[in-house]
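Below is one structure; the comments refer to it alone.
What follows is calculated from the coordinates using simple rules that are stated; it is not laboratory data. The structure presented is a predicted model; accordingly, all values stated were derived computationally and were not measured. Positions of Cβ are generated from backbone atoms using ideal geometry, with glycine treated the same way; all protein chains shown enter the neighbour counts.
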Amino acid sequence: MFQVNADVIAKEEVVPGVFSLTIVSPEISENAKPGQFVHIACNQDGDFQLRRPFSIHRIVPGKAFEILFKVVGRGTEALSKVKVYDTLNIVGPLGNSFKYSEKITSALLIAGGVGVAPLTYLAEELTNKQVKFYAMLGAQTSTRMLRYIDFKRLAKKTYTATDDGSSGYKGTVVDLLNRTIHQIRPEVVYACGPEPMLKKIVQTADEFGVECQVSLETKMACGIGVCLGCACKTKKGYKMVCKDGPVFDARDIAWGKDEIEPWSKEEIKPTLLGDNECEVEVVETSD
Amino acid sequence: MFQVNADVIAKEEVVPGVFSLTIVSPEISENAKPGQFVHIACNQDGDFQLRRPFSIHRIVPGKAFEILFKVVGRGTEALSKVKVYDTLNIVGPLGNSFKYSEKITSALLIAGGVGVAPLTYLAEELTNKQVKFYAMLGAQTSTRMLRYIDFKRLAKKTYTATDDGSSGYKGTVVDLLNRTIHQIRPEVVYACGPEPMLKKIVQTADEFGVECQVSLETKMACGIGVCLGCACKTKKGYKMVCKDGPVFDARDIAWGKDEIEPWSKEEIKPTLLGDNECEVEVVETSD
Amino acid sequence: MKNPVMPASGTFGSGREFSKLIDLNRLGALVAKTVTLKPRDGNAPPRLHEVPSGILNSIGLQNEGIDYFLEHDLPFLRQFDVPIIVNIAGNSIEEYAELCWELRGVEGISAIELNISCPNVKAGGITFGASSRLAGQVTAAARYNIDIPLIVKLTPNVYNISRIARAVVDAGADAVSLINTVVGMSIDTDTFKPRLGNITGGLSGPAIKPIAVRMVWEVAQTVEVPIIGIGGIRSTLDAIEFFLAGATAIAVGTANFVNPHTMIEIIDGIEGFLKQRDITDMYQLIGKVEV
Amino acid sequence: MKNPVMPASGTFGSGREFSKLIDLNRLGALVAKTVTLKPRDGNAPPRLHEVPSGILNSIGLQNEGIDYFLEHDLPFLRQFDVPIIVNIAGNSIEEYAELCWELRGVEGISAIELNISCPNVKAGGITFGASSRLAGQVTAAARYNIDIPLIVKLTPNVYNISRIARAVVDAGADAVSLINTVVGMSIDTDTFKPRLGNITGGLSGPAIKPIAVRMVWEVAQTVEVPIIGIGGIRSTLDAIEFFLAGATAIAVGTANFVNPHTMIEIIDGIEGFLKQRDITDMYQLIGKVEV
Ligand SMILES: Cc1cc2nc3c(=O)[nH]c(=O)nc-3n(C[C@H](O)[C@H](O)[C@H](O)COP(=O)(O)OP(=O)(O)OC[C@H]3O[C@@H](n4cnc5c(N)ncnc54)[C@H](O)[C@@H]3O)c2cc1C
Ligand SMILES: Cc1cc2nc3c(=O)[nH]c(=O)nc-3n(C[C@H](O)[C@H](O)[C@H](O)COP(=O)(O)OP(=O)(O)OC[C@H]3O[C@@H](n4cnc5c(N)ncnc54)[C@H](O)[C@@H]3O)c2cc1C
Ligand SMILES: Cc1cc2nc3c(=O)[nH]c(=O)nc-3n(C[C@H](O)[C@H](O)[C@H](O)COP(=O)(O)O)c2cc1C
Ligand SMILES: Cc1cc2nc3c(=O)[nH]c(=O)nc-3n(C[C@H](O)[C@H](O)[C@H](O)COP(=O)(O)O)c2cc1C
Ligand code: FES
Ligand code: FES
């Protein structure tokens, strides 16, 4: 865990409203693990603002790391205005990481939208460790599909789902998962994205008795485990997302029941179908 | 009095840390009088910040107006970052104005540093009304002398004083005034600058029984006379700088006695001397 | 009331200046600066200091007194087709009573707002609004001397604001407004002098909004009368937050200085908010926070 | 104490995490998160919400209990050559007494800080710190059970904090620390739900600094014991402001989250401030506001 003043050396608006920043920090780059995050002071002027947490998206070994973020409010707005060569004050790497065994023969990475951020790093790590894995990427439409090329390169197979069907499966990654998990038969699922999506993925994983690790999000203050503000309810009591997480074994999480949207059993009954029904040409996206 | 969203069409860093902005607003330009000010929302982001008051420095008749400001804190800092074509939310014109009669044969305008802002507008007005006037401009050093060229053009004679003697009289405008008021023999003095300077000018004016109008500064909230926050003590009770001022007849002001720096009588005893002892070559300044 | 948006007393003067910038006829009510029996000079300057997300002020209830108000300000306010709320303050129960007596039957006043944030000189300087007994007594005295609706404006500088609210309602208040400013202080580290001539002053602005929302919610649990929510409101969503907490109307104070159009923007904004969620009636929001 | 700068309880955990980012040996004191007799789960999430110039929190004193603290946290803190202040809280006077008893004679504790901002379950849930009687009783009970210096941490949610300060000092407090958080609330206008699982929470950060400075100044006029100033401090000048108001030391809370190096920067900054004005001794600043 370090607090560094780090220079931004590259910036890209990957898709409208989604930016990537490459930040120089040997300390963070050398000590990071997939699933960990950094805590960034986003606003440059003197006004009070808490840091904002962002997953480590990729690593330039020993030199720098990359974040991928979506503008949703004040902090990310300010961060999107950062210019190359600006300096950011960053605390990291923070939190735990995705767990995997090199013996795994097939893992499945599922990303909803910008949830792809930590999974890209994981994908590169798994590849280095010669762990075979599949990937599923979800987006509203093909032009907002993030990091498809990277996964296409790294994964055994990369499925995509778009709400409008402009790329891959027409629907959510959840539906896609339900229709394909039986053929992928992953030993472990790694998922990151909006909470409603995670909840459903976890249900499916459960049904198929597959281990599932998810990266959670909460509001954070300290990011290092001292304020006890980022609590999430687990079957072992309150855990801190910033310290005990952000990666949790889905089984341990006590999901707010009320919040789970009702959905019909049929939906997840696997309709057997050939590979290529899901294997689709994907229009190249801007990255 | 108007509240307008006005575009910045010109910006200049006149001397380091002192900026001028030309802002398009027919409403304000048409209704302004010398000595009045505008109240500007300086920070663009959503964070709470009171408006900041700035004298109207010059007018582009019927079209635009100019402000001249020095960066001293958060608000002016933010304002100095405004770019040409940015829009500013402005309330104005506000406050009273300098009073003058077209019968005056000789007025004297005394500016300390950025205090030249409202006096430049007054100088142009007096010129239009064919009122003859002298000017005294003070600055730390010649390279920070503001608007000398303009006054040189408009005034019957423009004296300058610099702390380091790099331009004109070596010393303060106050000393310069004390050494020259007997020869200028103004019927009225208009002064704007730091409060200690104003106090001394007022004393001198008093000694010579000359009317003196000063433009005062206080912290402001509303700027329009409703919050009663910008009170200044006068012999007629509390007056509001934003509404009853910013221009006051020096005689009415109840200066905080304690605050007046002690100074010896001799200093102001006029030592008779030839014109040219005060008439000096002035190095051209950056504007 | 056309709508639930009004200015907070003391941030609107007598309305004259604002009438040059906004259409006063669009407001829900007109609230004048506190008037006292005799004219008051107010406190020594400086009277203002900006702090993070707010300002400290120590105006000291400067005003020309009730007679001047009735002669000069009220006639101006009467021109508009908007309810007028007159805010009054005194240093003794008798003064409040006398003020109400003076206002009794005066044409064009829709309600009286009692500013009970000032100290009671007789009761050893304790703020009326800090004691449920004193607050009740002031309210009763006012109630006894005037028959139009009575609003009591509560101070946040107390442990249990609900108790005060209960007391003034029991004493005859038809509504309560909250919050007034929070007592604060700031010191200039260059001069070692307080930033305000009066040493301490009232904190207002976005900084106090969470305190105000909490107190409105607490008071809404305790009394049944309408609540005017005040404190750091500068946007439509701020206003909605107060409605959800239990306010039936809101007043805008410090934000008027930053943007004189704040109240107008909120009035339009509330309409938009309701349309968007097709809520037919604003009252469906009041107190609807899902706790 | 090497210097007058320490962390505010609950914003520093047990010091373990911070020890990875800053040199704890540079601090004036180490202040651990409030410990209670039994472990506490804390409140339901969400526990945090950011507001203008501050945050609302409703952690709910989550902690592992005194036994765990003594076994795991205290030994860690003891490694450093810095005075350790243990902050305790209870729901009854007996609990405070018992906690002090447990801490009696424990090696390596320099002082006890009583967090009296929690409700007294027996006295109908009134906050200990809101009643001079209860505050005095808690202090006396603690005083009776432990002989090391006793600091009482005051809550700002009162009308007259000086009275509370007077009461705890009369009851044997060696010092007071203030302020704790100001009760606030925020509502999500999309979901109509409170932003905090606990509905209300404590406001901290720069937003409350003017309130804290004012209260420190008031208390400094009333009691003679040392005052630890707390509330919105994030810079050297903030700290100086509290010294001028009458604080002999200061604690940094919320700012630790934004910049973990805040305390170190303030320690260096104070030195610089004194040098610049060649003031030989920090104590020449304390209470020196020129009113
Ligand atoms: C461990 C962790 C890793 C994260 N990694 C990434 C990442 O790689 N890329 C990315 O784009 N975002 C990531 N997030 C989410 C990111 O931190 C938030 O989007 C950001 O803090 C929003 O700040 P803001 O000021 O822009 O929005 P705010 O003004 O704070 O809030 C705007 C909106 O965003 C929502 N929001 C705010 N904070 C969060 C949060 N922490 N989680 C979910 N919703 C929030 C609010 O409810 C509100 O609706 C991560 C969050 C966590 C906890
Ligand atoms: C009627 C009027 C006309 C003015 N005209 C001009 C002008 O033409 N050009 C110009 O540069 N400035 C002018 N000023 C001063 C200008 O308003 C302040 O410099 C500005 O408000 C400072 O804001 P800030 O946020 O940058 O500084 P702050 O962060 O608010 O304060 C920084 C420092 O500036 C001092 N300061 C702040 N406000 C004022 C003020 N109103 N007067 C004096 N000192 C202040 C503070 O004491 C502090 O030391 C005028 C002020 C008034 C009242
Ligand atoms: C400059 C100023 C003057 C005020 N004067 C009065 C007053 O005369 N009477 C009164 O009842 N409240 C007065 N208030 C308090 C406001 O009416 C309001 O209750 C408080 O400012 C909180 O609202 P805000 O945060 O929107 O400003 C004043 C507030 C300010 C900032
Ligand atoms: C997240 C958080 C947790 C806190 N926990 C405690 C606590 O356990 N015990 C306590 O006495 N004060 C606690 N406080 C209050 C702080 O110690 C401090 O009094 C308050 O936050 C004001 O200081 P600040 O504005 O610098 O944060 C907590 C504050 C925050 C923000
Ligand atoms: S954010 Fe402080 S404990 Fe997690
Ligand atoms: S600034 Fe409000 S009255 Fe002058």
Using the Karplus curve 6.51 cos²θ - 1.76 cosθ + 1.60 with θ = phi - 60°, work out ³J(HN,Hα) for each residue of segment D:272-285 in order, rounded to whole Hz, and write x for Gly and Pro. x, 4, 5, 3, 3, 9, 3, 9, 6, 9, 3, 5, 6, 8
Please report, for B:S101, the nm distances (one decimal) from its label point, 7 Å out from Cα along the beta-carbon direction, to the equivalent points in the remaining copies, shortest first. 10.3
10 Å Cβ neighbours from other chains, averaged over peptide D:194-206: 4
So how much slack lies between A:K70 and A:K129, counting 0.36 nm per residue of separation and subtracting their Cα-Cα distance, in nm? 18.3 nm
List the residues, sorted by chain then number, that are 5 or more residues from C:V252 or on another chain and whose placed amide H is less than 5 Å from its amide H. C:M6, C:A8
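For an R0 of 60 angstrom, estimate the FRET efficiency from the Cβ-Cβ distance between D:K122 and A:E77 and round to the nearest 0.05. Could you put the intermediate results ahead of the total?
Values: r = 49 Å, r/R0 = 0.82.
So the FRET efficiency works out to roughly 0.75.
Between their Cα atoms, which of B:K33/B:K83; B:K99/B:K156; B:K103/B:K243; B:K200/B:K233 are more than 22 Å away from each other? If you can, show how the numbers build up before the last one.
Working: B:K33/B:K83 27 Å; B:K99/B:K156 20 Å; B:K103/B:K243 27 Å; B:K200/B:K233 18 Å.
As for pairs spanning more than 22 Å Cα to Cα, those are B:K33/B:K83; B:K103/B:K243.
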Amide H of A:Q213: which non-local residues (sequence gap of 5 or more, or other chain) have their own amide H closer than 5 Å, using H built in the peptide plane? A:V189, A:Y190, A:A191, A:A250
From the phi angles alone, apply the Karplus equation (6.51, -1.76, 1.60; θ = phi - 60°) to segment B:41-57 and give each ³J(HN,Hα) in whole Hz, x where the residue is Gly or Pro. 7, 7, 8, 7, 5, x, 5, 5, 7, 5, 5, 10, x, 9, 5, 6, 8
How many percent of the alpha carbon pairs in segment D:1-79 exceed a separation of 21 Å? 38 percent
Counting other C-beta atoms within 10 Å, which of C:E94, D:E107 has the fewest, and how do the rest follow? D:E107, C:E94
With a cut-off of at most 16 other beta carbons within 10 Å, and DSSP calling the residue loop, which trypsin sites (Lys or Arg not before Pro) in segment C:59-140 qualify? Please list them. C:R104, C:K122
Three semi-axes of the equivalent ellipsoid, segment D:116-156, Cα gyration tensor, whole Å, largest first: 19, 11, 8
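Might you report the magnitude of the Cβ-based charge dipole of chain D about its Cα centre, with Lys and Arg at +1 and Asp and Glu at -1, to the nearest 20 debye?
Working: 24 positive and 30 negative charges, 112 e Å.
Roughly 540 debye for chain D.
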Pseudo-label separations to other copies for D:G105 - Cα-to-Cβ vector, 7 Å, nm: 8.1
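Can you give the Rg/Rh ratio of segment C:93-168, where Rg is from the C-alpha atoms and Rh is the Kirkwood radius? If you can, show how the numbers build up before the last one.
Numbers: Rg = 12.2 Å, Rh = 12.5 Å.
Taking Rg over the Kirkwood Rh, I get 0.97.
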Alpha carbon centroid spacing (whole Å) that separates segment B:191-242 from segment D:1-39: 51 Å
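Hey, can you rank C:247-253, B:37-43 by average C-beta count inside 10 Å, highest first?
Values: C:247-253: 26.3, B:37-43: 24.3.
Descending mean neighbour count gives C:247-253, B:37-43.
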Neighbour-limited loop hits for trypsin sites (Lys or Arg not before Pro), segment A:110-146 (at most 12 other Cβ within 10 Å; DSSP other than H, G, I, E, B): A:K129
log₁₀ of I(q)/I(0) at q = 0.20, 0.30 Å⁻¹ - segment B:106-153, Debye sum with one point per alpha carbon: -0.60, -1.20
Taking only the alpha carbons of segment D:179-291, what extent do you get along each of the three principal axes, in Å, biggest first? 56, 33, 21
Could you name the residue in chain B with the C-beta closest to the rotation axis that superposes chain B on chain A, along with the separation in whole Å? B:D47, 2
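Between A:V84 and A:N5, what length in nm is gained on full extension when 0.36 nm per residue of separation is reduced by their alpha carbon distance?
Details: separation 79, 0.36 × 79 = 28.44 nm, distance 1.39 nm.
Between A:V84 and A:N5, full extension yields an extra 27.0 nm.
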One finds, for C:V106 and D:L237 with R0 = 60 angstrom and r their Cβ-Cβ distance, a FRET efficiency to the nearest 0.05 of 0.75
Charge dipole (the protein assembly as shown, unit charges on Cβ, about Cα centre) - positive-most of C:H49, D:A8, B:Q140: D:A8
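Which order do A:C242, C:C100 fall in if you start with the one that has the fewest other Cβ atoms within 10 Å? Write out the running numbers ahead of the final one.
Numbers: A:C242 27, C:C100 23.
Result, fewest neighbours first: C:C100, A:C242.
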Across the identical copies, how the A:G46 labels are spaced - nm, sorted shortest first, 7 Å along Cα→Cβ: 2.3
Ignore the peptide's own chain and count Cβ atoms of other chains within 10 Å of each Cβ in D:252-259; give me the average, rounded. 5
Based on the Cα gyration tensor of segment D:175-217, what are the three equivalent ellipsoid semi-axes, each the root of five times an eigenvalue, rounded to whole Å and given largest first? 28, 11, 6
Stretch A:E30-A:D252 to full length: gain in nm at 0.36 nm per residue minus the Cα-Cα span? 76.9 nm
Would you please put A:44-53, C:63-72 in order of how densely packed they are, using the mean number of other Cβ atoms within 10 angstrom per residue and starting with the highest? A:44-53, C:63-72
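In deg cm²/dmol, rounded to 500, what helix-only [θ] at 222 nm does the protein assembly as shown give when every DSSP H run of at least 4 residues adds -39500 (n - 2.57) and the total is split over its residues?
Values: 32 runs with 298 residues, N = 1156.
-7500 deg cm²/dmol, from helical runs alone.
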Across peptide A:37-47, what mean number of C-beta atoms from other chains lies inside 10 Å of a residue's C-beta? 3
Using amide H atoms built 1.01 Å from N in the peptide plane, name the residues 5+ places from B:Y169, or on other chains, whose amide H lies under 5 Å from its own. B:T160, B:A161, B:T162
Return an integer: the convex hull volume of the alpha-carbon atoms of chain B, in Å³ per residue. 128 Å³
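Can you pull the Kirkwood radius for the protein assembly as shown, inverse mean 1/r over Cα pairs, to one decimal in Å?
Details: mean 1/r = 0.0304 Å⁻¹.
Taking every pair of different Cα atoms in the protein assembly as shown, averaging 1/r and inverting gives 32.8 Å.
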Output ³J(HN,Hα) for segment C:137-146: one whole-Hz value per residue in order, computed from phi by the Karplus curve 6.51 cos²θ - 1.76 cosθ + 1.60 with θ = phi - 60°, and x for Gly and Pro. 4, 4, 4, 4, 4, 5, 3, 5, 9, 8
Taking D:F257, C:F76 and counting other beta carbon atoms within 10 angstrom, the fewest-first order is C:F76, D:F257
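C:N91: net charge of surrounding residues, Cβ under 15 Å, Lys/Arg +1, Asp/Glu -1, itself excluded? Don't skip to the end; give the middle numbers.
Values: positive: C:K38, C:R40, C:K122; negative: C:D41, C:E94, C:E95, C:E98.
After counting each charged neighbour, the total is -1.
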Highest GNM mean-square fluctuation among B:V60, B:V202, B:V14, for chain B with Cα springs under 10 Å, belongs to B:V60
Could you tell me which of the pairs B:K129/B:K152; C:K122/C:K209; A:K11/D:K193 are separated by over 26 angstrom between their Cα atoms in the structure shown? C:K122/C:K209; A:K11/D:K193
